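As structure tokens, the structure follows; a few thoughts come after it.
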Amino acid sequence: MVLSEYITIFKYLYILITIMPSKPNNPTRFRAKIFNALSDPTRLEIIEFLRDGEKRVCEITPYMKLLQPIVSRHLKILKNAGLVKRRKQGTWHMYSLTNPEVCHVIDSLTPELLEELKQKIIEQIA
């Protein structure tokens, strides 16, 4: 086998292991994947920035004050979780939210709820 064939096989196996669920139609695993994507503050900020509509990577990067490869990595995680979509326009990659309902999930964590959860954590520690 040629090196390129090994690389192709590795890519295929990687996709099978990381992207494909071990049990088909398992909503719990899919929810976990979404919450994992939402668990990073940087990705939450990107989603917040995309609320206003479609943006190019070159617009997201200065807003986030991060290097472009780091922003692209976070966008890929959000895309793989189905939270953002990408389209190509010429040489630009345009990103937008797949469904604005995802913002409702984030917004449901109201300041009051966050404060209540914080108090519960403090009670458990004490």
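In this structure, LYS55 does not qualify as modelled with pLDDT under 95 and out of contact with any Asp or Glu (no Cβ under 9 Å at 6 or more places or on another chain).
How about segment 64-83: which of its residues are in a loop (DSSP other than H, G, I, E, B) and either of a type in the set (Phe, Trp, Tyr) or closer than 18 Å to VAL102 by Cβ (or both)?
Within segment 64-83, the first condition is being in a loop (DSSP other than H, G, I, E, B), and the residues that meet it are 65-67, 81-83.
Hits for segment 64-83 are ALA81, GLY82, LEU83.
Of the residues making up segment 43-63, those that are assigned to a helix (DSSP H, G or I) and under 20 Å from PRO100 (Cβ atoms) number 11.
Considering only residues of segment 88-111 that are assigned to a strand (DSSP E or B) and touching a residue at least 40 places away in the same chain (Cβ under 8 Å), which is farthest from the chain's Cα centre (by Cα)?
First, the residues of segment 88-111 that are assigned to a strand (DSSP E or B): 88-89, 92-97.
Checking which are touching a residue at least 40 places away in the same chain (Cβ under 8 Å) leaves us with 94-97.
On the way: MET94: 15, TYR95: 12, SER96: 12, LEU97: 10 Å.
Top of the filtered list is MET94.
When residues in segment 27-42 are screened for being surrounded by 12 or more Cβ atoms within 10 Å (Cβ to Cβ) and not in a helix (DSSP H, G or I), 1 of them pass.
When the residues of segment 1-26 are narrowed to those that are hydroxyl-bearing (Ser, Thr, Tyr) and surrounded by 10 or more Cβ atoms within 10 Å (Cβ to Cβ), which ends up modelled with the highest pLDDT?
Start the filter on segment 1-26 by keeping residues that are hydroxyl-bearing (Ser, Thr, Tyr), which leaves 4, 6, 8, 12, 14, 18, 22.
Adding the requirement that they be surrounded by 10 or more Cβ atoms within 10 Å (Cβ to Cβ) leaves 6, 8, 12, 14.
Details: TYR6: 56, THR8: 65, TYR12: 61, TYR14: 60.
Going through the qualifying residues, I end up with THR8.
Here's the yes/no breakdown for (1) surrounded by 14 or more Cβ atoms within 10 Å (Cβ to Cβ); (2) in contact (Cβ under 8 Å) with a residue 40 or more places away in the chain; (3) in contact with a strand residue (DSSP E or B) (Cβ under 6 Å, 6 or more places away or on another chain):
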| residue | (1), (2), (3) |
| --- | --- |
| PHE49 | yes, no, no |
| GLU54 | yes, yes, yes |
| VAL57 | yes, no, yes |
| LEU66 | yes, no, no |
| PRO69 | no, no, no |
| SER72 | yes, no, no |
| GLY82 | yes, yes, no |
| ARG86 | yes, no, yes |
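The values are calculated or read from the model by the stated rules, or taken from the named source; none is laboratory data. Just so it is clear, the structure is predicted and the values come from calculations on it, not from any experiment. Glycine also receives a Cβ, built like all others from the backbone with ideal geometry; neighbour counts cover every protein chain displayed.
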